[in-house]
1. Does residue 121 fit the bill of being farther than 23 Å from residue 162 by Cα, surrounded by 15 or more Cβ atoms within 10 Å (Cβ to Cβ), more than 23 Å from the chain's Cα centre (by Cα) and at pLDDT 95 or above?
2. In this structure, is residue 102 under 21 Å from residue 169 (Cβ atoms), assigned to a helix (DSSP H, G or I) and in contact with a helix residue (DSSP H, G or I) (Cβ under 7 Å, 6 or more places away or on another chain)?
3. Output the number of residues of the stretch 169-195 satisfying the condition of being touching a strand residue (DSSP E or B) at 6+ places or on another chain (Cβ under 9 Å) and not in a helix (DSSP H, G or I).
4. For the structure I just gave you, tell me whether residue 47 is at pLDDT below 65, crowded, with 17+ Cβ neighbours inside 10 Å and part of a loop (DSSP other than H, G, I, E, B).
5. Which of the residues belonging to the stretch 88-99 are assigned to a helix (DSSP H, G or I) and closer than 15 Å to residue 53 by Cβ?
6. Of these, 105, 79, which one is surrounded by fewer than 14 Cβ atoms within 10 Å (Cβ to Cβ), at pLDDT 95 or above, within 30 Å of residue 55 (Cβ to Cβ) and assigned by TED's automatic domain parsing to the domain that holds residue 61?
7. Which condition number does residue 147 fail, the rest of (1) touching a helix residue (DSSP H, G or I) at 6+ places or on another chain (Cβ under 7 Å); (2) modelled with pLDDT of 95 or more; (3) more than 25 Å from residue 63 (Cβ to Cβ) being met?
8. Report the residue count in the stretch 138-186 for those that are over 27 Å from the mean Cα position of the chain (by Cα), free of Cβ contacts under 8 Å to residues at least 12 places away in the same chain and surrounded by 17 or more Cβ atoms within 10 Å (Cβ to Cβ).
C-alpha cells in the first residue's frame, strides 16, 4: 500500500513528464516551411560557438543584404529592413531560410534596377547628348545634367561620387527617372526629347 506522500508526488511527476514530452515535440522544427525567428524573452541567450559553416552563411546573408541595399539606393527606394536575427539565432534552419530570402531579394532588386521605367527614352536622349563619362562643365554625363539638376535629384551621388560623369549609366538614368517622376517629364532635354518624339 502506497503512503500518502507518494500518492501526492505522483501527479507532480506525471505533470513534469508531460511537460518534458511536449517540449521535446515542439522543439523539432524539421517539418516547418518557414521557421520562426528567435524571440526576445529578456533572458540571456545560452552561449554557443558559431561554427565555420554558420559564419559562412552569415557572411553570404550580409553580402546579399548589401547588394539589395545598393540597388535599392540606385533606384531611390527604401531599404528592406534588416534585424540581424540570423546572426544571433541558434536555429540553423532559420539561418538557411534567411539566406534564401536575401538571395531572392538581391536578385529581384538587381533585375528591377537594370531597366528603369523609361530606359529606351533615356538611351535615345543619351545618343544625342554625350558620353556617359563626359566631364565637361557645365553639363555632365550621358544625359548632360547641370549642377542644379544633380543637386536636386542626385544629391546623394553628387555627395559620394562627385559629378554625373563619375556615376554609372544606370545611376544617371535613375536620377533622370527621379526628375521625371517629380513632374518634370522630359522637359529638361527640350531638343533631344523632340528628336526622340517624346513631346
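The values are calculated or read from the model by the stated rules, or taken from the named source; none is laboratory data. Remember, it's a predicted structure, so these values are computed and weren't measured experimentally. Positions of Cβ are generated from backbone atoms using ideal geometry, with glycine treated the same way; all protein chains shown enter the neighbour counts.
1. Numbers: farther than 23 Å from residue 162 by Cα: yes; surrounded by 15 or more Cβ atoms within 10 Å (Cβ to Cβ): yes; more than 23 Å from the chain's Cα centre (by Cα): yes; at pLDDT 95 or above: yes.
Judged against the criteria, residue 121 is a match.
2. Values: under 21 Å from residue 169 (Cβ atoms): no; assigned to a helix (DSSP H, G or I): yes; in contact with a helix residue (DSSP H, G or I) (Cβ under 7 Å, 6 or more places away or on another chain): yes.
Here the answer is no, as residue 102 does not meet what is asked.
3. Counting residues in the stretch 169-195 that are touching a strand residue (DSSP E or B) at 6+ places or on another chain (Cβ under 9 Å) and not in a helix (DSSP H, G or I) gives 1.
4. Working: at pLDDT below 65: yes; crowded, with 17+ Cβ neighbours inside 10 Å: no; part of a loop (DSSP other than H, G, I, E, B): yes.
So residue 47 does not fit the description; no.
5. To start, the set of residues in the stretch 88-99 that are assigned to a helix (DSSP H, G or I) comprises 88, 92-99.
Passing the criteria: 92, 93, 94, 95, 96, 98, 99.
6. Numbers: 105 fails: surrounded by fewer than 14 Cβ atoms within 10 Å (Cβ to Cβ).
Residue meeting the stated conditions: 79.
7. The single condition residue 147 does not satisfy is (1).
8. 1
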